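Chemist: Can you keep this structure in mind? I'll have questions shortly.
The values are calculated or read from the model by the stated rules, or taken from the named source; none is laboratory data. None of the values given here were measured: they were computed from a predicted structure. As a convention, Cβ positions derive from the backbone with ideal geometry for all residues, glycine included, and neighbour counts pool all protein chains shown. With ligands, DNA and RNA removed, areas are computed over all heavy atoms of the protein, side chains included. Shrake-Rupley method; radii C 1.70, N 1.55, O 1.52, S 1.80 Å.
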Amino acid sequence: MNTFKDFITFNEYIGLHKPLNEDIDVGIYPTDTLLKSKGIAIDFYRVSFKTNYINPDLPDYDPTNPKPITAVFFNNPGTIYDWDLEDKFEGYYLHISKKLIEKHRYLFQSYLEYGYHEALFLTKEEETEVINMYHFLIKNYQNNLENYNVLLASINLILNMVESYYKRQFKTDTKVYSPIVSQFQQLLKDYYNNSINGIPTVHYFAEKMRLTPNYLGDVIKAYTHKSTIETIHEHVAEKAKSLLKETNLSSTEIAFELGFDYPNYFAKFFKKQTQLTPKQFKMKQNS
C-alpha cells in the first residue's frame, strides 16, 4: 500500500497539477484525474469539492439511475482509501499539511477527520459560494503566494463556511440524522445488557455505527446540545445511581460492574457527575 507523505508525489499519482507550496495546495481537478486506485494513505488533509460526481460507494447510490451529485469530501492522515469511479468529474481540491494545522490550530475543524462516506451535500446557493471562494483562493495561490496571510485567511473562511453548511445539513436533513441519534441512544441503553470491556467510549459507538467519532459527536451535539462523551458519562452516572440505590453492591463492586479499572477512578467520576461520593449518595438515599 502506498502512503503519500507530500503533495508532490500524491499529485503525480492521481494526475493533479504540481503544488507551489509544501503546506498549501489548491487547484481545479483536471479532466484526466485517476478514476481507479487500490488502497492508499496520505499524511495530510484534503478538502475536495466535486461536481458531476458518480460513486457507487456513496449513500443513496442507485445503479439503475446513477445521478451525479455535488458534494464536499474529506481525506485525512492515516485513513486508507480506494476508489473506482464510473466517470470523470469536475471540481476543486485543497490540500493542507499537518504542519500548517499544528502551527495554526484555529484552522482545524472536526469534519476534517470525517470519513469519505460522511460527505457534505450542498444547496445551489452554497455551491455558488464554495466555487467563488475556491476561485479567490486559487487566484491568490497562483499570483500572490508571498502574501501568506491572505492564503491563510481564505482557507480559514472556506473551512468555517463548510462548518456552517454542515450545521445546516444536520438540522434540515432530519430523515438522515434522527435515526443516527436514536441508534446511538439505543446502543447506549443496551451497553450494560451485554458483556462489556471497560466503560463505554465514543469510539466504541462510532465503530458500531460505522461512523467516524468526530461525525457521530457532531451529529449528537447538533440534536441534543450535549457532546457524545457528556451523554455517555451521564448514562454511566445514572446506572451507578441505580446500582447504589437498588443493590447491596459495594462501591468497588459497582466500579467493576460498570467497567472501571480502578475503584478510585469511579469514585472521582461519580463525584464529578453528582457532587457526592458514592458513599454520600448511598447515605442520602437511606436517610
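Chemist: Give me the residue from the stretch 92-109 that is crowded, with 20+ Cβ neighbours inside 10 Å and of a type in the set (Phe, Trp, Tyr) and, out of that set, farthest from PHE7 (Cα to Cα).
Modeler: Looking at residues that are crowded, with 20+ Cβ neighbours inside 10 Å and of a type in the set (Phe, Trp, Tyr), I get TYR92.
Chemist: I've got another one for you. Need a quick list: helices (runs of 4 or more DSSP H) entirely within the stretch 110-192 having at least 1 residues that are under 30 Å from LEU258 (Cα atoms), in contact (Cβ under 8 Å) with a residue 12 or more places away in the chain and open to solvent by 30 Å² or more (accessible area, probe 1.4 Å).
Modeler: Ranges flagged: 174-190.
Chemist: For the stretch 155-208, which positions are over 18 Å from the mean Cα position of the chain (by Cα) and of a type in the set (Asp, Glu)?
Modeler: ASP190
Chemist: Are any of the residues in the stretch 6-21 in a strand (DSSP E or B) and surrounded by 15 or more Cβ atoms within 10 Å (Cβ to Cβ)?
Modeler: no
Chemist: If a residue must be touching a helix residue (DSSP H, G or I) at 6+ places or on another chain (Cβ under 8 Å) and part of a loop (DSSP other than H, G, I, E, B), how many such residues does the stretch 196-205 contain?
Modeler: Residues in the stretch 196-205 being touching a helix residue (DSSP H, G or I) at 6+ places or on another chain (Cβ under 8 Å) and part of a loop (DSSP other than H, G, I, E, B): 3 in total.
Chemist: One residue is enough: does the stretch 220-230 have a residue meeting the conditions among the acidic types (Asp, Glu) and at pLDDT 95 or above?
Modeler: Checked against the condition, which is being among the acidic types (Asp, Glu) and at pLDDT 95 or above, the stretch 220-230 yields at least one hit.
Chemist: Do the conditions hold for SER37, that is, is it of a type outside the set (A, V, I, L, M) and surrounded by fewer than 17 Cβ atoms within 10 Å (Cβ to Cβ)?
Modeler: yes
Chemist: If you take the residues in the stretch 193-205 that are among the hydrophobic types (A, V, I, L, M, F, W, C) and more than 27 Å from VAL162 (Cβ to Cβ), which one is surrounded by the most Cβ atoms within 10 Å (Cβ to Cβ)?
Modeler: Going through the qualifying residues, I end up with ILE199.
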